[in-house]
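Peer 1: Can you read through this structure? Questions will come right after.
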Amino acid sequence: MNGLIMDYPLTTTTILNYAKSAFPDKKLISYLPDGTRHEYTYGQLYKRCCQLANALKNKLGITKGDMVGTFAWNHYQHVELYYGIPGIGAVCHTINIRLSSQQTEFIINHSEDKVIFVDATLVPLLEKIAPLLETVEKYIIINAASGFTTSLPNIMHYEDLIGEQIETIDWPSLNENDASGMCYTSGTTGMPKGVLYSHRSTYLHAMTILTPNAGNYSNKDTILLIVPQFHVMAWGFPYMCLLTGSDMVMPSLHLQPDAIIKILESEKINKANGVPSIWRGVYEAMKKNPPKTKLALEEYLVGGSALSASLIENFEKDFGIKGVQAWGMTETSPLGTASRLQQKHENLSEKEQIKIRAKQGIEFPGIEMRIVGDDGEVAPRDGKTMGELQVKGAWVIKSYFKTNSRDSFTKDGWFRTGDVSTIDADGYMEITDRTKDLIKSGGEWISSVALESALMSHPKISEAAVIAIPDEKWSERPLATIVLADKNNTVSSEVLKEYLAKDFAKYQIPDHFVTIDQVPKTSVGKFDKKEIRRLYAEGKL
Ligand code: AMP
């Protein structure tokens, strides 16, 4: 028997309509790329989303199921795109601006973006590859200064596009399972893979991250969204803030510690998100030059890489600001866990409490997690037994976009995260390692396999193995070990860096190259990365 409850679709338009009705005066503040401050209300956001949706349909011919790309910083126009595009049934495909041009070209062709909305400051990155983009019919430029020129074909300016459109729309009724957004995630080998979110998963994820056990947000908060909108939908915060009626502050490209501190001060930000390298930078800058008056910032939510116990401790001791660790993946929308203390932990020593908070945390309702050992058995929750972390849930991927996904799932339908972890008796998950051969530096992925194959194509190198090494600032950096084809020859780091620069973004290029006699191998002849990491840890590299 069906329940007798209305069929009420959980869509991004449901979120937008709610904010217009409940929080029309709450603010969206943007620090634009040219440094100007822009402010308007959620009521005005609603009207501009209608204008944009009308323009997408009437001027650009976008229809249901079309892919619309964005290549942009965090600002109000990008938020408008987050609602206007899915609002008419199209898919908001946010393209990571930090990838190599080869990966960007692949992603745009693979997703078949019809139109790309691009920030003027990022246009040079697309100009390089525009002739290779097979499906893009138009580029819409956002935030162009006067005198802006480009070699991109078929351009139009954002304000010209939406300017004459009416401020109302009869939003089409959508199925909550329709696709609403897409992000690509780095593959260990081969090219990035697309993760296609639905309206329903976006809604449920946003509803969950605002809850007290997760981010704990309400209409009393002013939140700085440091996580880029081109990274897993800024962790769903542009949707979440409209549900809670929190004021939302967008920094665009002003992401250096001093610029962030200035925004924290002037906007009286009390909550924020970001990867650990950003918060480490902010902490160090504040330590060097302490703010004259205490910041309003109470709490920062961290994910993407591990938040260390020392950063949690120091930020709190020196400035009274609390770090909350979350874990997630592009494939999990992204947030799946957070680490907050529970009532039963109140009497623990500070040290013990920080130890818990430095774990990745307990799962949110709507997410299930387990760890599975090498023997294929589900490991006990004893805080010691390690295994692969597997998840399922209402905002976890069931298949990649147009890509064979079989290896990413178990036979009984769990998603294999590629993270190695433990879960303790209280249910707190802790990441200890990674099975995927990737390095995460400042929140961005670097494929060790791709670096190795590029290095091994160099005529002077016979073998190369790349490992992640810990780095204070960036969490991890790549270290390349190389075996020379001719032992009497040499090749300098500078030459290798230049060689890799053809195919890799600057941040992906290793800082150090170490020549070794041979790469250690496992019994089946694979590169033994564990052994290389051990040699590094013992100072033998
Ligand atoms: P991405 O898909 O780029 O968001 O990366 C997801 C991966 O980042 C996870 O599978 C983990 O390897 C890593 N990650 C995310 N959050 C954390 C965290 N809090 N601590 C350690 N690693 C993390």
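The values are calculated or read from the model by the stated rules, or taken from the named source; none is laboratory data. Keep in mind that this is a model prediction, so the values were computed, not measured. Don't worry about glycine lacking a Cβ; one is built from the backbone with ideal geometry, like all the others, and counts go over all protein chains shown. For the accessible areas, the whole protein counts, side chains as well, though only heavy atoms, and no ligand, DNA or RNA atoms are used. Shrake-Rupley method; radii C 1.70, N 1.55, O 1.52, S 1.80 Å.
Peer 1: Just checking, does the stretch 258-270 include any residue being closer than 27 Å to Tyr428 by Cβ, over 18 Å from the mean Cα position of the chain (by Cα), of a type outside the set (A, V, I, L, M) and open to solvent by 10 Å² or more (accessible area, probe 1.4 Å)?
Peer 2: yes
Peer 1: Right, here's the next one. With the stretch 271-337 as the region, which strands (runs of 3 or more DSSP E) entirely inside it contain at least 3 residues that are within 16 Å of the ligand (Cβ to nearest atom) and within 30 Å of Gln390 (Cβ to Cβ)?
Peer 2: Per the criteria, 299-302, 322-328.
Peer 1: Can you find, within the stretch 45-67, the residue that is most open to solvent (accessible area, probe 1.4 Å) among those that are under 25 Å from the mean Cα position of the chain (by Cα) and more than 17 Å from Glu159 (Cα to Cα)?
Peer 2: Top of the filtered list is Gly65.
Peer 1: Condition test on Lys487, is it surrounded by fewer than 20 Cβ atoms within 10 Å (Cβ to Cβ), modelled with pLDDT under 90 and either among the aromatic types (Phe, Trp, Tyr) or out of contact with any Leu (no Cβ under 6 Å at 6 or more places or on another chain) (or both)?
Peer 2: Yes: the conditions hold for Lys487.
Peer 1: Suppose the filter is of a type in the set (Ser, Thr, Tyr), within 28 Å of the chain's Cα centre (by Cα) and open to solvent by less than 20 Å² (accessible area, probe 1.4 Å); does Tyr42 pass it?
Peer 2: Criteria met by Tyr42.
Peer 1: Another question about this same structure. Tell me which residues, restricted to the stretch 474-509, are acidic (Asp, Glu) and assigned to a loop (DSSP other than H, G, I, E, B).
Peer 2: If the condition is that a residue be acidic (Asp, Glu) and assigned to a loop (DSSP other than H, G, I, E, B), then Asp486, Asp503 are the ones that fit.
Peer 1: Here is a further query. Could you give me the residue pairs with C-beta distances under 6 Å whose first residue belongs to the stretch 437-454 and is more than 17 Å from Gly418 (Cβ to Cβ) and in the same structural domain as Val514 (by TED's automatic domain parsing), whose second residue is open to solvent by less than 10 Å² (accessible area, probe 1.4 Å) and at pLDDT 85 or above wherever it lies, and which are 6+ apart or on separate chains?
Peer 2: Within 6 Å, the pairs are Leu451/Val466; Glu452/Ala464; Glu452/Val466; Ala454/Leu500.
Peer 1: On to the next question. Out of the stretch 194-229, which residues are under 23 Å from Glu267 (Cα atoms) and in contact with a strand residue (DSSP E or B) (Cβ under 7 Å, 6 or more places away or on another chain)?
Peer 2: Ile209, Gly215, Tyr217, Asp221, Thr222, Ile223, Leu224, Leu225, Ile226, Val227, Gln229
Peer 1: Could I ask something else about it? Of all residues in the stretch 516-528, which are open to solvent by 80 Å² or more (accessible area, probe 1.4 Å) and either touching a residue at least 12 places away in the same chain (Cβ under 8 Å) or not in a loop (DSSP other than H, G, I, E, B) (or both)?
Peer 2: Passing the criteria: Asp517, Gln518, Lys521.
Peer 1: Still on this structure, I have one more. Being open to solvent by 20 Å² or more (accessible area, probe 1.4 Å) and out of contact with any helix residue (DSSP H, G or I) (no Cβ under 8 Å at 6 or more places or on another chain) is the requirement here; does Asp25 meet it?
Peer 2: When the stated conditions are applied, Asp25 does not pass them.
Peer 1: Go through the stretch 410-443 and count every residue that is within 15 Å of the ligand (Cβ to nearest atom) and either closer than 14 Å to Val378 by Cα or not β-branched (Val, Ile, Thr) (or both).
Peer 2: Of the residues in that region, 21 qualify.
Peer 1: Consider Pro251 carefully, then state whether it is touching a strand residue (DSSP E or B) at 6+ places or on another chain (Cβ under 9 Å) and open to solvent by less than 10 Å² (accessible area, probe 1.4 Å).
Peer 2: It is true that Pro251 is touching a strand residue (DSSP E or B) at 6+ places or on another chain (Cβ under 9 Å) and open to solvent by less than 10 Å² (accessible area, probe 1.4 Å).
Peer 1: Answer yes or no as to whether Glu430 is charged (D, E, K, R) and more than 20 Å from Lys526 (Cα to Cα).
Peer 2: yes
Peer 1: State all residues of the stretch 72-89 that are under 17 Å from Leu161 (Cα atoms) and either hydrophobic (A, V, I, L, M, F, W, C) or open to solvent by 10 Å² or more (accessible area, probe 1.4 Å) (or both); if no residue qualifies, say none.
Peer 2: Across the stretch 72-89, the qualifying residues are Ala72, Tyr76, Val79, Leu81, Ile85, Ile88.
Peer 1: Ok, one more. Within 20 Å of Tyr283 (Cβ to Cβ), crowded, with 21+ Cβ neighbours inside 10 Å and assigned by TED's automatic domain parsing to the domain that holds Thr422, is that true of Gly323?
Peer 2: The answer is yes for Gly323.
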